[in-house]
Amino acid sequence: MVIKHVAPVSLAKVAGILYALLGLFIGACVSLLALMGGFASNFSSGAGIAALFGVGSIVLFPLLYGVFGFLAMLVMAWLYNLAAGWVGGVNVDLQ
């Protein structure tokens, strides 16, 4: 079986969702680290700023990762289709 063409938007949608999930995981880790740093601080305002940064990372990271993952895979699928036209695609053995 030879893969000669990939639908760019279809691949980009799947990659966007996967990258958004990855961004959610990374955002949660950053949020926990920010909260631990805020609570370890001697200043009372440090905990509030860390909490704000932590919540922001849970919202911002999935959005950024999803959008950039979508755009990157859209370009990569277009480039794959261009290269596959030159060399004939990728051979895949399925059982």
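Since every read-out is calculated from the coordinates, none of them should be taken as a lab result. As the structure is a computational prediction, the values presented were derived from the model and not from experiment. As a convention, Cβ positions derive from the backbone with ideal geometry for all residues, glycine included, and neighbour counts pool all protein chains shown.
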Inside the range 6-29, can you point out the residues that are surrounded by 12 or more Cβ atoms within 10 Å (Cβ to Cβ) and part of a loop (DSSP other than H, G, I, E, B)? Val6
In the range 84-95, how many residues are exposed (fewer than 12 other Cβ atoms within 10 Å of the Cβ) and either touching a Cys at 6+ places or on another chain (Cβ under 8 Å) or part of a helix (DSSP H, G or I) (or both)? 3
Could you tell me which residue of the range 1-26 is farthest from Val90 (Cα to Cα), considering only residues that are among the small types (Gly, Ala, Ser) and in contact with a Pro (Cβ under 6 Å, 6 or more places away or on another chain)? Gly23
